[in-house]
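Q: Here you go, one structure.
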Amino acid sequence: MRTVVAGILERDGKVLVGARSAPAWAAGFWEFPGGKVEGEETLAEALAREWREELGAEVEVLDEVYRSALDTPVGPFTLVALRLRLLSEDPRPLEHRALAWVAPADLTRLRLLPSNVPIAAALVALDG
């Protein structure tokens with residue numbers, strides 16, 4: 001089963017989310033930026049690579065906040081959400097339509113990728 005990582009970057013009580021631009025079925029959905037673990041990468045290595053490629057940012061993994069095995073229309077995978085610390089300049093939307101800082105309680109107002117909805121719920125629980 002493949003593994004997908006999602007990054008949780010917090011600032012001033014808000015978390016960073018990105019609006020997907022591709023693939024077509026996901027365009028317009030919001031997500032916690034990340035991607036697939038490749039080859040022998042660790043979760044931290046994969047997330048650092050994805051943030052460098054998609055957001056032009058260097059990050060360090062702090063801890064895990066969510067993990068679940070999911071069965072989706074695009075196939076089964078394990079989703080792991082990791083809290084991050086920013087080591088460089090602010091992220092930029094290199095592969096997203098837009099980026100936004102959103103309070104955890106307001107994440108439900110966004111059209112989140114279905115796989116990211118439980119991550120939002122976990123963040124609200126941690127925040128409350």
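Every number in this text was worked out from the coordinates using simple rules, so none of it is lab data. For clarity, every value in this text was computed on a predicted model and none was experimentally measured. Reconstructed Cβ throughout: ideal geometry from the backbone, glycine too, with neighbour counts over all protein chains shown.
Q: How much FRET efficiency would the formula 1/(1 + (r/R0)^6) give for MET1 and ALA24, where r is the Cβ-Cβ distance and R0 is 25 Å, rounded to 0.05?
A: That gives a FRET efficiency of 0.55.
Q: How large is the Kirkwood hydrodynamic radius of region 57-113, in angstrom, based on all distinct alpha carbon pairs? Each step should come with its number before you reach the end.
A: Working: mean 1/r = 0.0715 Å⁻¹.
Result for region 57-113, one decimal place: 14.0 Å.
Q: Between beta-carbons, use under 15 Å as the cut-off and find the net charge around GLY56, counting Lys and Arg +1, Asp and Glu -1.
A: Details: positive: ARG49, ARG52, ARG92; negative: GLU50, GLU53, GLU54, GLU58, GLU89, ASP90, GLU95.
After counting each charged neighbour, the total is -4.
Q: Sticking with this structure for a sec: What is the spin-label model distance, in nm, from VAL124 to ARG111 if the labels are put 7 Å beyond Cα along the C-beta direction?
A: Computed distance between label sites VAL124 and ARG111 equals 2.0 nm.
Q: When the Karplus curve 6.51 cos²θ - 1.76 cosθ + 1.60 is applied with θ = phi - 60°, which whole-Hz ³J(HN,Hα) does each residue of region 109-121 get, with x for Gly and Pro?
A: Values per residue, Gly and Pro as x: 7, 8, 8, 6, 3, x, 5, 8, 4, x, 5, 4, 5 Hz.
Q: Name the residues whose placed amide hydrogens come within less than 5 Å of the amide hydrogen of VAL15, ignoring near sequence neighbours (fewer than 5 apart) on the same chain.
A: Close amide H contacts, sequence-distant or interchain: VAL102, ALA103.
Q: Across region 97-107, in residue order, what do the Karplus-derived ³J(HN,Hα) couplings come to in whole Hz, using 6.51 cos²θ - 1.76 cosθ + 1.60 with θ = phi - 60° and x for Gly and Pro?
A: Result, rounded to whole Hz: 5, 6, 10, 8, 9, 9, 5, x, 5, 8, 4.
Q: Under 8 Å for C-alpha pairs, at least 6 residues apart: give me the relative contact order for region 2-127, rounded to a whole percent. Present the calculation step by step, with values, prior to reporting the outcome.
A: Numbers: 252 pairs, mean separation 40.8, N = 126.
Once divided by the residue count of region 2-127, the mean separation gives 32 percent.
Q: Over region 2-127, what is the percentage of antiparallel beta bridges among all DSSP beta bridges, to the nearest 5?
A: Roughly 75 percent of the DSSP beta bridges within region 2-127 come out antiparallel.
Q: Please compute the Cα-Cα pair-distance distribution of region 1-58 with 5 Å bins starting at 0, giving whole percents from short to long.
A: Computed distribution, short to long bins: 4, 18, 25, 25, 18, 8, 1, 0.
Q: What number, rounded to the nearest 500 deg cm²/dmol, is the helix-based mean residue ellipticity at 222 nm of the chain, given -39500 (n - 2.57) per DSSP H run of at least four residues and division by all its residues? All intermediate terms of the calculation are to be shown ahead of the outcome.
A: Working: 2 runs with 24 residues, N = 128.
Mean residue ellipticity at 222 nm (helix-derived): -6000 deg cm²/dmol.
Q: Here is a follow-up. Using θ = phi - 60° and the Karplus relation 6.51 cos²θ - 1.76 cosθ + 1.60, list the HN-Hα couplings for region 62-71 in order, rounded to whole Hz, with x at every Gly or Pro.
A: In residue order, the calculated couplings are 9, 6, 8, 10, 6, 8, 7, 8, 10, 10 Hz.
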